[in-house]
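See structure below.
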Amino acid sequence: MIDPELSSIEIVGVAVRAEREAFDLYLGLAAKVGNPTARAEFERLAGEEARHQEWLTAYYKEMTGGSDAPPVPDMRIKMFGPEPSEDMRIAQILDLAITKENLSETVYAEAAKRSTDPSGRRMLGELVEFERSHARRLIAIREVLRRNPAWIEDPQGRAIQLEGP
């Protein structure tokens, strides 16, 4: 899944890039839906991804003693899956987002196992839990959409209680 030759610093850079891409994905989803409950949930997910990016950047600065953000690979991160395309339907984008959250969880779990730094292992373990929570929330939205496809486009749509923290 993740190149075992990457250093901890490089893993942080990959993770920052993944969190930035997740942020963009959720803001894009928020802009596509009419339902205010769904929009708010996607915006909340985007906000969490932004906080993860900030957290990872702060960790990088602490590890290196520097003031710069981690170097972020300029490549498409294949381990986190493909990017959504303009012609994808919302259900397809949700499936893609769930896959990306699951892959992120796996990458962070693998990195945590390899980490020799207790604070890094703890931070990565928390990211594992966050990504797992994101996947559960997206699955809940997908299930509501499956039962009622018009819900996500309805600007007067009823609010739903999404499972999970």
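The values are calculated or read from the model by the stated rules, or taken from the named source; none is laboratory data. Keep in mind that what you see is a predicted model, and the values were worked out from it rather than measured. Cβ placement follows ideal geometry from the backbone for every residue including glycine, while neighbour counts extend to all protein chains displayed.
Screening the candidates Arg51, Arg122 for the property of being at pLDDT 90 or above, out of contact with any helix residue (DSSP H, G or I) (no Cβ under 8 Å at 6 or more places or on another chain) and part of a helix (DSSP H, G or I) yields one hit, Arg51.
Give me a count of the residues in segment 29-38 that are under 17 Å from Asp95 (Cα atoms) and in contact (Cβ under 8 Å) with a residue 60 or more places away in the chain. Residues meeting the conditions: 4. The numbered conditions (1) under 16 Å from the mean Cα position of the chain (by Cα); (2) free of Cβ contacts under 8 Å to residues at least 60 places away in the same chain are all true for Glu62 except (1). I need every pair where a residue in segment 120-136 that is under 19 Å from Arg44 (Cβ atoms) has its Cβ under 9 Å from the Cβ of a residue that is outside any helix (DSSP H, G or I) and among the acidic types (Asp, Glu), sequence separation at least 6 or different chains. Close Cβ pairs satisfying both conditions: Arg136/Glu163.
A count restricted to segment 39-48 and to residues that are touching a Phe, Trp or Tyr at 6+ places or on another chain (Cβ under 8 Å) and touching a residue at least 60 places away in the same chain (Cβ under 8 Å) stands at 2.
Only one of the listed residues (Pro84, Pro73) is modelled with pLDDT under 85, buried (at least 17 other Cβ atoms within 10 Å of the Cβ) and within 18 Å of Arg17 (Cα to Cα). That residue is Pro84.
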